[in-house]
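Working notes for the structure below.
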Amino acid sequence: MSTDRSDLAAKFKPEIPHAARIWNYWMGGKDNFAADRAAGDAVAKVYPEIVQMAVQSRRFLTRAVRHLTAEAGISQFLDIGTGLPTMQNTHEVAQSIDPSARIVYVDNDPLVLVHARALLKNTSPEGTTAYVDGDYHDPERIVSEARKVLDFTKPIAVMFMGVLGYVEELRVMRSIIDRVVRTVPSGSYLVLWDGTATGEAVAEGSDKLAETGAVPYYLRSLEELTSCFEGLSLVGPGLAPISRWGLAGDEEAPFIDAYGGVARKP
């Protein structure tokens, strides 16, 4: 679960916009470079709601993890494509409810790795927080590494939080999900959200992102996103805008062109 520092240095490419760092910029973070900020500004110019999407995505994560830990009794999380650490990370939410919770983060960005080592620390002596330097295009390696920390005979929450939009083909996206979910036992959960093709402005924002030289982000239709939960049982409101999933009946939130869901494996 470690990577040589010289390898990390070789992977740093500050002149090329990178997804994790652009997202960090939208969230108001400081772990980004000029190229990332330029790409982020280009998208925000045509789709200002992208900044709100970044904020709402973290709130969705918090509500989903809290629900799974407090209501569903899940104490193990495999967070794939975690991105740069920020407020209310998965382990902080889960371990605040269940101090013994185990979390494995997965990403392949060298900047994320450096920060993960420094910031993704247990918040309780009973818990476990680990990091896998891995690419979600290789689910088998991720699972192999995660087995060193998580007990795959007990339920696990598998999380893909806004990261699979970088996969162009839906069949490949579904294959990645299926190859991880099939390894976890009955009673496990899939937590997934992605940007959706639910408006002209968000589509223009996606086009602008590609024009900057960043990795393109492919928006999904609601039908395509729903298909990723095939064979699983969606809980709560089902597939819903991430800004509204899990809110109390009297709470209000803006509509965001991003949908997510939490589903149980039978």
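The values are calculated or read from the model by the stated rules, or taken from the named source; none is laboratory data. Owing to the predicted nature of the structure, the values given are computational and were not obtained by experimental measurement. Counting neighbours? That spans all protein chains shown, and the Cβs are built from the backbone with ideal geometry, glycine included.
What the table shows:
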| item | result |
| --- | --- |
| Index of the failed condition, Thr62 passing every other in (1) buried (at least 18 other Cβ atoms within 10 Å of the Cβ); (2) within 18 Å of the chain's Cα centre (by Cα) | (1) |
| Contacts under 9 angstrom Cβ, first residue in the range 131-157 being over 24 Å from Thr69 (Cβ atoms) and without any contact (Cβ under 8 Å) to a residue 60 or more places away in the chain, partner outside any helix (DSSP H, G or I) and of a type in the set (Gly, Ala, Ser), 6 or more apart | Arg141/Gly134 |
| Any hit, the range 226-243, residues being closer than 19 Å to Gly81 by Cβ and not hydrophobic (A, V, I, L, M, F, W, C) | no |
| Pair list, Cβ < 7 Å and 6+ apart or interchain, from the range 225-239 residues that are closer than 24 Å to Tyr166 by Cβ to residues that are assigned to a helix (DSSP H, G or I) and among the β-branched types (Val, Ile, Thr) | Cys228/Ile177; Leu239/Thr226 |
| Residues being out of contact with any Pro (no Cβ under 9 Å at 6 or more places or on another chain) and assigned to a loop (DSSP other than H, G, I, E, B) - total across the range 58-107 | 13 |
| Matching entry among Thr198, Thr183 (being closer than 19 Å to Trp245 by Cα and part of a loop (DSSP other than H, G, I, E, B)) | Thr198 |
| Number of positions in the range 65-80 that are more than 12 Å from Val235 (Cα to Cα) and surrounded by fewer than 21 Cβ atoms within 10 Å (Cβ to Cβ) | 3 |
| Condition met for Pro266 (surrounded by fewer than 21 Cβ atoms within 10 Å (Cβ to Cβ) and either of a type in the set (Ser, Thr, Tyr) or modelled with pLDDT under 95 (or both)) | no |
